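Attaching a single structure in structure tokens format; questions to follow.
Quick note: the coordinates plus some simple rules give every number you see, no bench work behind them. Because the structure is predicted, anything quoted here is derived from the model rather than measured. Glycine gets a Cβ as well: all are built from the backbone with ideal geometry, and neighbour counts include every protein chain shown.
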Amino acid sequence: MSASKPASFTPYFTEESAGQVRAAFLAAGQAEGYASVSELIEAATLREVRRLQRKYNQSRPWDPAPPGSLRPGQRTRKEQR
């Protein structure tokens, strides 16, 4: 996990996806050097953020979005369609 103080951020997973995340951590987390499932999720998320930065922002980091700038909670079913 990041060396700095962790910020609160809650991802949502379907039951199936959450089961796979837990299973992957239990099966390979220690071998891959992850101390916690949160550390695995953080590493995977930051890999995707770096990919998006390369694709959409000339490989540069974006200015940080402050807490409260995202709508809380999951999207509605209508929004997911």
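Test of understanding: what is the full-extension gain from residue 70 to residue 15, defined as 0.36 nm times their sequence separation minus their Cα-Cα distance?
17.5 nm
Right, here's the next one. Can you tell me which of 69, 59, 17 moves the most in a GNM of the chain? Springs connect C-alpha atoms under 10 Å apart.
Of 69, 59, 17, the most mobile in the Gaussian network model is 69.
On to the next question. Calculated from the structure, mean projected area of the Cα convex hull in nm² equals which of (1) 5.0; (2) 12.6; (3) 7.2?
Answer label, from the structure shown: (3).
Okay, next question. Arrange the following residues from fewest to most other Cβ atoms within 10 Å of their Cβ: 9, 25.
9, 25
In addition: For the chain, what is the relative contact order in percent, using Cα pairs closer than 8 Å and at least 6 residues apart in sequence? Mind showing how you got there, number by number?
Numbers: 23 pairs, mean separation 17.0, N = 81.
After rounding, I find 21 percent.
Specify, per residue and in Å³, the volume enclosed by the convex hull of the alpha carbon atoms belonging to segment 14-59.
For segment 14-59, the hull spanned by Cα atoms encloses 80 Å³ per residue.
A follow-up question, please. How large is the charge dipole for the chain, taken about the Cα centre, if only the Cβ atoms of Lys, Arg (+1) and Asp, Glu (-1) carry charge, to the nearest 20 debye?
Once rounded to the nearest 20, the dipole reads 460 debye.
With θ taken as phi - 60° and the coefficients 6.51, -1.76 and 1.60, list the Karplus ³J(HN,Hα) couplings across segment 66-71 in order, rounded to whole Hz; mark glycine and proline as x.
Going residue by residue, I get x, x, x, 7, 9, 5 Hz, with x marking Gly and Pro.
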